[in-house]
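Working notes, beginning with the structure itself.
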Amino acid sequence: MRNLKILAVDDSPTMRRIIINTLKRAGFSDVDEATDGKDALAKMQVDDFDFIITDWNMPEMDGLAFVNSVRAEDKYKALPILMVTTRCVKDDIVQAMKAGVNSYIVKPFTPDTLKDKIKQILRSR
Amino acid sequence: MEDTKDLVSEIQGELQDLTTSLSEVVKSIHELTDPIAESHKKIPGAALQLEKINAQTEEAAHRMIDKTESITRVADEIIGDLGKLCRSIPAEYSEQNPSIIKIAKSIESKVRQNMCDAEVIQIALQFQDITSQQLSYASILIDDIEQKLHNLLNIFFGEQAPERLISLVQKRVFDPNADNNPNEDTQESVDCLVEELKNKLGE
């Protein structure tokens with residue numbers, strides 16, 4: 001589990017550093033980052049990732065469009081995706097789940113919530 | 001002839017009144033439009049100020065993260081060195097001096113506590129992203145006010161109205177409801193909804 005290659009997608013450099021450091025403290029040392037959905041898709045063309053953590057509100061391509069694009073490809077149907085966002089309105093969560101997100105975290109999050117959700121998603125696969 | 005003179009004088013009087021009252025109207029329009037034009041001019045300053053606050057909080061957050069990373073790195077090194085130290089103590093010596101291992105364990109526990117505190121500080125810095133989204137929303141509102149003031153100036157001055165100020169607001173996507181202090185049970189409610197949806201969607 002600790003050898004997972006994770007992609008953290010967020011337009012905020014502060015959030016990317018926080019997420020990456022939290023993951024590293026939890027033992028996930030192989031983490032790459034992307035600034036938005038478009039950047040993430042480009043990175044996925046060159047690298048294989050085992051787990052995606054994505055924000056929703058991002059320029060160029062937002063998290064929802066990104067998840068839709070990822071799920072549109074057969075090879076990514078089972079790729080675990082965790083959405084980490086400030087959006088916590090019911091309709092948003094419904095949209096995200098319909099798009100194919102595996103779980104959903106509301107910012108600001110705690111390190112335990114992030115670790116638990118990753119474990120939970122991996123256990124259910 | 002007298003009647004005509006009276007009429008001319010009456011018309012002159014009316015025209016004089018009209019001129020005076022038009023001057024008053026012009027004065028009132030100026031009294032109204034000058035503050036609008038003044039406010040209109042101040043908009044870019046307000047938008048820039050928000051951008052500046054955003055950039056400064058981002059910079060401060062990164063400096064704090066640098067510090068917490070450094071604390072964590074040093075703490076890791078101390079724990080590693082303590083381990084080496086404990087392993088290098090001959091068993092006989094530690095049996096005769098049990099307090100040595102006890103002290104080492106106490107130091108390790110305190111260092112681990114420091115690491116946890118550093119993580120708490122770092123996690124709290126999520127406020128920067130959330131505040132940044134709130135500032136972006138405020139910038140959009142300012143932009144909207146500028147548009148409305150510009151529309152008013154257009155009504156009064158037509159083509160002579162000052163030009164629409166090119167928005168200095170850095171366009172950023174944001175959640176207008178981003179909140180630094182969501183309810184304690186927000187994540188719990190989200191989890192319940194996610195589970196419910198998973199069952200419905202048949203995962």
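Since every read-out is calculated from the coordinates, none of them should be taken as a lab result. These figures come from a predicted structure and were not determined experimentally. So basically every Cβ, Gly included, is an ideal-geometry build from the backbone, and we count neighbours across all protein chains shown.
What FRET efficiency, computed as 1/(1 + (r/R0)^6) with R0 = 41 Å and r the Cβ-Cβ distance, is obtained for B:Asp3 and B:Val26, rounded to the nearest 0.05? Please list the in-between numbers first.
On the way: r = 34 Å, r/R0 = 0.83.
For B:Asp3 and B:Val26, the calculated efficiency is 0.75.
Looking at the range A:29-121, which trypsin sites (Lys or Arg not before Pro) are in a loop (DSSP not H, G, I, E or B) and have at most 13 other Cβ atoms within 10 Å? Before the final figure, lay out the partial values.
Working: sites: A:Lys38, A:Lys43, A:Arg71, A:Lys75, A:Lys77, A:Arg87, A:Lys90, A:Lys98, A:Lys115, A:Lys117, A:Lys119; in loops: A:Lys77, A:Arg87.
Here the sparse-neighbourhood loop sites are A:Lys77.
Using modelled backbone amide H atoms (1.01 Å from N, in-plane), which distant-in-sequence or interchain residues come within less than 5 Å of A:Tyr104's amide H?
A:Met83
Given the Cα-Cα distance of B:Lys102 and B:Asp66 and 0.36 nm per residue of separation, how much length would full extension add, in nm?
Working: separation 36, 0.36 × 36 = 12.96 nm, distance 3.22 nm.
Using 0.36 nm per residue and subtracting the Cα-Cα distance, I get 9.7 nm.
Across peptide A:3-14, how many C-beta atoms of other chains are within 10 Å of each residue C-beta, on average? Don't skip to the answer; put the middle values down first.
Details: counts 0, 0, 0, 0, 0, 0, 0, 1, 5, 9, 6, 15.
Averaged over the peptide's residues, the number is 3.
Quick one: check the C-alpha center-to-center distance for the range B:80-159 versus the range B:1-18, whole angstrom.
82 Å
Check A:Val9: other-chain or 5+ apart residues with amide H under 5 Å from its amide H, H built from backbone geometry?
The answer is A:Ala34, A:Ile53, A:Thr54, A:Asp55.
Using 7 Å Cα-to-Cβ label points, what is the B:Asn183/B:Asp34 separation (nm, one decimal)?
It is 5.2 nm.
Decide, for chain A, between rounded, prolate and oblate: order the square roots of the alpha carbon gyration tensor eigenvalues as a ≥ b ≥ c, take rounded if a/c falls under 1.5, and otherwise choose prolate if a/b is larger than b/c, else oblate.
rounded
Which value, to two decimals, describes the C-alpha radius of gyration of chain B once divided by 2.2 N^0.38 Å?
On the way: Rg = 35.3 Å, N = 203, 2.2 N^0.38 = 16.6 Å.
Against the empirical 2.2 N^0.38 Å value, I get 2.13 for chain B.
Find the relative contact order for chain B and round it to a whole percent, using C-alpha pairs within less than 8 Å whose residues are 6+ positions apart.
Across chain B, relative contact order equals 29 percent.
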